[in-house]
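Read-outs throughout are calculated quantities, based only on the coordinates presented, and are distinct from any laboratory measurement. Bear in mind the structure is a predicted one, so any value in this text is a computation, not a measurement. Note: ideal-geometry Cβ built from the backbone for every residue, glycine included; neighbour counts use all protein chains shown.
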Amino acid sequence: MKVLTVVGARPEFIQLAPVTSAIREAHTEVLVHTGQHFDDNMSQVFFDELGLPRPEHHLGVGGGSHASQTGQMLMALEQRILEEQPDWVLVFGDTNSTLAGALAAAKLHVPVAHIEAGLRSYDRAMPEELNRVMTDHISELLLAPTPVAVDNLAKEGLTRGVELVGDVRVDVLPRLRVLARARSESPVDQAGLKKGESFALATIHRASNTDDEARLRELLKGIGELPFRVVLPVHPRLSKMVQKFGLAFPPNLVTLPPVGILDMVALLDSCALVITDSGGLQKEAYLFERPTITLRTTTEWVETITAGWNRLCEPDQLRHSAELVLTQRPNEHPPLYGAPGVGKRIVEQLLSYMARN
Ligand code: UD1
């Protein structure tokens, strides 16, 4: 079996880790990096720390508007797919790279397998929601992480080729925790925190938060009112917008440049709670048993809310929400994202689909 795998942004590099190793045990993988994330600290550090293979193709498409980014990726991916003639094109999640990979393949009648299929926030203002919906509807094999995702697909009439495999982060995070703990340097020390200090880990990068001046101002004010320090690795979009709007970070905010996955895992391992607008981090926080505040009005990871570990929050409610999640920490922590072995199950599904069709 020959699989052409498309990645481009940070979450995809993390999702790739258990899948690429499972494919390469007995099959051929052609890894294509679109270049969506191009800074070393947004890309190369993930390849190094996760031990990912060097991409066979790098398309060098970074920055630009959504249309120009996606359009350039489509053109370059079509070429690679024609050259490589893979049995599958494999895409992850919901980025512009995901949509470009799926669309280029589907138009060439190469079957698409979508990892993390069926996620929905039901907010079409999010570029990621459009990418998810469109990718699911042109994929042959829909590899869903949760029963909720399977139900979401069924509501849209998608039942053929749907397989519940669990979430790839279940495979990758325990391994990363061991590696992070074995390192002598810790980002917690580098951030200047005291030993055992109770702090929050935050990330803010979603356009709905960064590109709205009033909301971003309110968010930084809310963080400033928290009675503990907040460690924030700063995404390039956030620093751009803070500068553009002439805003200042509050004194209890400890900013770091974007961090690699091992630093992120070390911060998760030590923090008391997580404050984020990321999709992936909500789930990583759950797997690390960290209460979470999600700075959005919707989430795709609804089961973390139902289980009581995650709360949606408006910027002016930050202090109140932090108190609630810290004092009402649930006693139960069900295995919402499946058993380990997700990477292997994905490869089995690719093979069994080929045998059936
Ligand atoms: C993308 C994904 C999002 C994911 C996030 C993880 C889409 C639509 N969104 O959002 O789902 O949660 O990645 O980080 O695909 N930039 C740099 N250096 C880089 C990468 C980006 O300076 O290495 C700049 C870009 O030029 C752009 C901004 O940061 O101005 C945003 O990057 P972009 O790739 O458009 O999307 P993300 O916000 O990172």
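Label points 7 Å out from Cα along the Cβ direction at D316 and N41: separation in nm?
That separation, rounded to one decimal, is 3.4 nm.
Explain nothing, just compute: Karplus ³J(HN,Hα) = 6.51 cos²θ - 1.76 cosθ + 1.60, θ = phi - 60°, for every residue of segment 339-350 in order, whole Hz, x for Gly and Pro.
Rounded to whole hertz, the list is 8, x, x, 5, x, 5, 5, 5, 5, 4, 5, 4.
Hey, what do the phi angles of segment 263-277 turn into as Karplus ³J(HN,Hα) couplings, whole Hz, using 6.51/-1.76/1.60 and θ = phi - 60°, x for Gly and Pro?
Those phi angles translate into 5, 4, 5, 5, 5, 4, 5, 9, 7, 8, 7, 10, 10, 7, 10 Hz.
Determine, for F47, F228, the number of other Cβ atoms within 10 Å of each Cβ, and report the residues in order from fewest to most.
Values: F47 20, F228 14.
Least to most surrounded, the residues fall as F228, F47.
Go through segment 236-241 residue by residue and turn each phi into a ³J(HN,Hα) via Karplus (6.51, -1.76, 1.60, θ = phi - 60°); whole Hz please, and just put x for glycine and proline.
Ordered by residue, 3J(HN,Hα) equals x, 5, 5, 5, 4, 6 Hz.
Relative to the present Cα-Cα distance, how much length would full extension add between R24 and A125 at 0.36 nm per residue of separation? Present the calculation step by step, with values, prior to reporting the outcome.
On the way: separation 101, 0.36 × 101 = 36.36 nm, distance 3.74 nm.
The R24-A125 span can extend by a further 32.6 nm.
Run the numbers on segment 205-357 and let me know its relative contact order in percent, using alpha-carbon pairs under 8 Å that are six or more apart. Write down the numbers at each step before the final one.
Values: 171 pairs, mean separation 29.0, N = 153.
Relative contact order of segment 205-357: 19 percent.
So which lysines pass the test for K344, namely a Cα distance under 29 Å, with those fewer than 8 places away in the same chain ruled out?
Within the straight-line limit of under 29 Å, K344 reaches these lysines: K2, K107, K155, K283.
Would you calculate a helix-derived [θ] at 222 nm for the chain, using -39,500 (n - 2.57) for each DSSP H run of n ≥ 4 and dividing by the full residue count, to the nearest 500? Show your work: numbers first, answer last.
Details: 16 runs with 164 residues, N = 357.
Roughly -13500 deg cm²/dmol at 222 nm, from the helical runs in the chain.
In a GNM of the chain with a 10 Å cut-off on Cα contacts, which of H205, H37, H27 has the highest mean-square fluctuation?
H27
What are the lysines whose alpha-carbon lies under 22 Å from the alpha-carbon of K194, with same-chain residues fewer than 8 places away excluded?
none
So for the chain, averaging the separation of alpha carbon pairs under 8 Å that are six or more residues apart and normalising by length, what relative contact order in percent results? Intermediate values should be presented prior to the final figure.
Numbers: 658 pairs, mean separation 57.8, N = 357.
Relative contact order of the chain: 16 percent.
I need Y286, Y353, Y122, Y337 ordered by Cβ neighbour count within 10 Å, fewest first.
Numbers: Y286 24, Y353 17, Y122 10, Y337 20.
Neighbour counts put them in this order, fewest first: Y122, Y353, Y337, Y286.
Within segment 252-285, which residues have the backbone N less than 14 Å from the label spot 7 Å out from Q190 along Cα→beta-carbon, could you tell me?
255-268
Which cross-chain or sequence-distant (5 or more) residues have an amide H under 5 Å from the amide H of T292, H modelled 1.01 Å from N in plane?
Long-range HN contacts for T292: V274, N310, R311.
What nm distance separates the two modelled labels at Q243 and T327, each placed 7 Å from Cα along Cα→Cβ?
For Q243 paired with T327, the spin-label model returns 4.2 nm.
Calculated FRET efficiency, H58 and E78, Cβ-Cβ r, R0 25 Å, to nearest 0.05?
Numbers: r = 16 Å, r/R0 = 0.65.
It comes out at approximately 0.95.
In terms of the Cα gyration tensor, with a ≥ b ≥ c the square roots of its eigenvalues, is segment 1-135 rounded because a/c is under 1.5, prolate because a/b exceeds b/c, or oblate? Mind showing how you got there, number by number?
Working: a/c = 1.33, a/b = 1.16, b/c = 1.15.
Because its axes are fairly even, with a/c under 1.5, segment 1-135 counts as rounded.
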